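The values are calculated or read from the model by the stated rules, or taken from the named source; none is laboratory data. The structure displayed is predicted, hence computed values, not measured ones. Using ideal geometry, Cβ is built from the backbone for each residue, glycine included, and neighbour counts are taken over all protein chains shown.
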Amino acid sequence: MKTALVTGGAGLLGGYLARALSAGGFAVHLTAHRTPVSVAGCPSIGLDLTDRRTVEAAVEDVSPAVIVHTAAITDVDHCQTHRDEAWRVNVCGTQYLSRAAASAGAFFIYVSTDHVFDGATGNYRETDRPAPANWYGLTKLVGELAASRCLPEADIAIVRTSFYGPRRDGRGFFGRCLAALGAGQGLEAADDLFSSPLPVTVLAKAMVELAGRRLAGIHHIAGADRSSRYEFALAVAKVYGLDASLVRPRPAKDLNLPGPRPRDVSLCVRQAQERLRVRLPTLVNGLEEMAVSGTVTEGTVTEGTVTEGAATEGAGDGAGR
Ligand SMILES: NC(=O)c1ccc[n+]([C@@H]2O[C@H](COP(=O)([O-])OP(=O)(O)OC[C@H]3O[C@@H](n4cnc5c(N)ncnc54)[C@H](OP(=O)(O)O)[C@@H]3O)[C@@H](O)[C@H]2O)c1
């Protein structure tokens, strides 16, 4: 049985990925930072990405065939205001880990983001030139470069994505949509910010395929179509049987989002669909899949109308952030 080390075991993607890799026949070890990690059958190991020695020790202890690096500071606004911290974790941490991966001869999968693009055109391909509009996107892009420099070309996959799913802490636009609409509250959502969000369940399956087949290179793995955050919220209402009339479109500039948001970071998934067996769904089909296979946790909302606010990356926390 092949061993996989997944960083960010307490994160949204880390948890789903651990279960998917286990189901795919991997012996999975998870890394834990501040939040306790508990996924049945997957032992956890302490790791702080900013501490090179704990990173090297974790890789030496587990001796994985595959490392999937999901851990990062993902809060766009926190990165914008805590630049050094974001750099230490997202750039330096990635460098330590990818160097350790190279020493161990492991296949390294780096989870990157649609925020590496400036959002001017949308429908970005793997060959398009990244130009991040915010500090978070910059740290993730430099993380890509750092990892690529440390590892042989055949041993690194970079996954640029946008995804959503239920978060235990209620962060993310998907959870806020369900919580607000479920409570009968109005929800204001930007109709001029676009992405192509994918359910975390489908992303996890696609990444198991990448790990199993060692598919190197840059992969855009996202939803098959583009939507605004407003359209995402309407689709959530439709699929979950909630009142769509509570969703109101607003321009992003009226929502007081603290950090810069790229306008259209939708990703072209043609190459991924040619290379992968996993099918990437449209927005509505993805939400239907999530409604069946994802577990929705209860979010917390306050009285009145909920505006988008800050929080993690997308609607794919792009519609999810
Ligand atoms: N969410 C999205 O929509 C989205 C979209 C595109 C790309 N991505 C990328 O996908 C990946 C996973 O995102 P996610 O939303 O699943 O993340 P998440 O839920 O925010 O979890 C991030 C994880 O990173 C860990 N972490 C943070 N600082 C650390 C440190 N210094 N040392 C070790 N671990 C640390 C956290 O542990 P503690 O909580 O214990 O600190 C947590 O487990 C990230 O790389 C992100 O950039 C996310």
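The condition of being within 12 Å of the ligand (Cβ to nearest atom), hydrophobic (A, V, I, L, M, F, W, C), within 19 Å of residue 171 (Cβ to Cβ) and touching a helix residue (DSSP H, G or I) at 6+ places or on another chain (Cβ under 9 Å) holds for residue 79. Would you confirm whether any residue within the stretch 156-164 is crowded, with 19+ Cβ neighbours inside 10 Å, touching a residue at least 40 places away in the same chain (Cβ under 8 Å), within 11 Å of the ligand (Cβ to nearest atom) and in a helix (DSSP H, G or I)? There is no residue in the stretch 156-164 that is crowded, with 19+ Cβ neighbours inside 10 Å, touching a residue at least 40 places away in the same chain (Cβ under 8 Å), within 11 Å of the ligand (Cβ to nearest atom) and in a helix (DSSP H, G or I). A single member of 74, 94 is within 11 Å of the ligand (Cβ to nearest atom), touching a strand residue (DSSP E or B) at 6+ places or on another chain (Cβ under 6 Å) and either free of Cβ contacts under 8 Å to residues at least 24 places away in the same chain or closer than 25 Å to residue 204 by Cβ (or both), and it is 74. Can you tell which of 278, 292, 301 is more than 14 Å from the ligand (Cβ to nearest atom), modelled with pLDDT under 95 and assigned to a loop (DSSP other than H, G, I, E, B)? Residue meeting the stated conditions: 301.
Of all residues in the stretch 45-104, those satisfying the criterion of being surrounded by 21 or more Cβ atoms within 10 Å (Cβ to Cβ) and among the polar types (S, T, N, Q) are 70, 74, 90, 94, 98.
Does residue 253 satisfy the criteria of being at pLDDT below 95 and either assigned to a helix (DSSP H, G or I) or buried (at least 19 other Cβ atoms within 10 Å of the Cβ) (or both)? Yes. Evaluated against (1) under 17 Å from residue 203 (Cβ atoms); (2) within 10 Å of the ligand (Cβ to nearest atom); (3) hydroxyl-bearing (Ser, Thr, Tyr), residue 35 falls short on exactly one condition, (1). Check residue 169 against each of (1) outside any helix (DSSP H, G or I); (2) in contact with a helix residue (DSSP H, G or I) (Cβ under 8 Å, 6 or more places away or on another chain) and name the one condition it does not meet. Checking residue 169 against (1) outside any helix (DSSP H, G or I); (2) in contact with a helix residue (DSSP H, G or I) (Cβ under 8 Å, 6 or more places away or on another chain), the one that fails is (2). Residues in the stretch 1-14 that are within 6 Å of the ligand (Cβ to nearest atom) and surrounded by fewer than 21 Cβ atoms within 10 Å (Cβ to Cβ): 10 alone. Condition check: within 25 Å of residue 87 (Cβ to Cβ) and within 12 Å of the ligand (Cβ to nearest atom). Does residue 136 satisfy that? Yes; evaluated as a whole, the condition is true for this residue. What number of residues in the stretch 210-250 are in a loop (DSSP other than H, G, I, E, B), closer than 21 Å to residue 283 by Cα and touching a strand residue (DSSP E or B) at 6+ places or on another chain (Cβ under 8 Å)? Number of matching residues: 3. The residues in the stretch 15-29 that are of a type outside the set (Ser, Thr, Tyr) and within 9 Å of the ligand (Cβ to nearest atom) can be counted, and the count is 2.
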